[in-house]
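The values are calculated or read from the model by the stated rules, or taken from the named source; none is laboratory data. Computed from a predicted model, the values in this text were never measured in an experiment. Virtual Cβ from ideal backbone geometry, glycine too; neighbours counted across all protein chains shown. Just the protein is used for accessible areas: all its heavy atoms, side chains included, with ligands, DNA and RNA removed. Shrake-Rupley method; radii C 1.70, N 1.55, O 1.52, S 1.80 Å.
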Amino acid sequence: MKILLTGANGMLAKEVKERFKKENEIIETDVEQLDITDEIAVMKYTADIKPDYIINCAAYTAVDKAEENYEIAEKINGEGPGNLAKASKAVGAKLVHISTDYVFGGDLDIAKDYKEDDETAPVTVYGKTKLHGEQEIEKNMEEYYIFRTAWLYGIGGNNFVKTMTKLGSTRDELNVVSDQHGSPTYAVDLAEIIYQAINKKIPYGIYNATNQGYTTWYDFTKAILDEQKIGCKVNPVTTEEYIEMMKITQAKRPYNSQLSKDKLLNLGIEIPKWEDGLRRYLKEVKENEK
């Protein structure tokens, strides 16, 4: 199988490549090889390669910066997926696209989690542009998988686990938000979900794809430090308290990023718990340091 992988320099794309490369031909592209915002270039590139699948890991993910850079976020997150959908359909390829919990309002009661068909109501530029990308795919083709994920981390680049490990190792105490709820998601596990979905040929459509179980940034931080036996005190604070303490302006964060995985689980997709993902990530980090 021939796979065109966009956003190849990103954390998730690297894990996707690693998972798929043994059995498939992977054509990696970043913005230098393929600008997904250029419809003509996308159509030509795809027609030349004729992939079986396009896996789109390209995205504008700077949530705060997106508030002041709507045009570029819209081009990458909104128009880009539409271009890939048109090109996929033209050559008979299937499209895999990564979306986000930010397409929801984030204010659902914490006792509940978001299902795939719940009403979307994004409140940030990032969320609105990512939702537009989903809609462009749905409008232009039928054979696609859209995976909504959240709280993603992995090897390569900055991520929450790496940041908390560094801060916890150099400070006596940390203040961490305790009123935002979600599922930390190991990039290796998301790549595995994508692999299983394609291999099992599950029905096309939209799926929530995070690790199993829910927590808060505060409890996640405690787990990160406890796993590494880092003796830093972690203080729970509200989102409002954190913003006031840090004197920052930021796009609104969802209080509820809890995504139900029942749809995937009912189709036989195996999804590890977030605690297990964290332990394997930390083990991978340690092995890479040797």
Boolean, Ser183 is in contact with a strand residue (DSSP E or B) (Cβ under 8 Å, 6 or more places away or on another chain) and open to solvent by less than 10 Å² (accessible area, probe 1.4 Å) | yes
Given (1) assigned to a helix (DSSP H, G or I); (2) free of Cβ contacts under 8 Å to residues at least 24 places away in the same chain, number of the condition Lys229 does not satisfy | (1)
May I ask you to list the residues in segment 87-119 that are of a type in the set (D, E, K, R) and open to solvent by 70 Å² or more (accessible area, probe 1.4 Å)?
-> Lys89, Asp107, Asp109, Lys112, Lys115, Asp117, Glu119
Can you run down the residue pairs with Cβ atoms below 9 Å, 6 or more apart or on separate chains, where the first is in segment 1-20 and within 15 Å of Asn159 (Cβ to Cβ) and of a type in the set (A, V, I, L, M) and the partner is part of a strand (DSSP E or B) and open to solvent by less than 30 Å² (accessible area, probe 1.4 Å)?
-> Met11/Tyr153; Leu12/Ile98; Leu12/Thr149; Ala13/Leu5; Ala13/Thr6; Ala13/Ile55
Would you check if there is a residue in segment 247-261 being assigned to a helix (DSSP H, G or I) and either closer than 30 Å to Asn199 by Cα or out of contact with any Gly (no Cβ under 7 Å at 6 or more places or on another chain) (or both)?
-> no
Counting just the residues of segment 24-65 that are farther than 30 Å from Arg253 by Cβ and in a strand (DSSP E or B), which one comes out most open to solvent (accessible area, probe 1.4 Å)?
-> Glu25
Extreme residue, surrounded by the fewest Cβ atoms within 10 Å (Cβ to Cβ), among residues of segment 186-226 that are over 14 Å from the mean Cα position of the chain (by Cα) and part of a strand (DSSP E or B) | Gly205
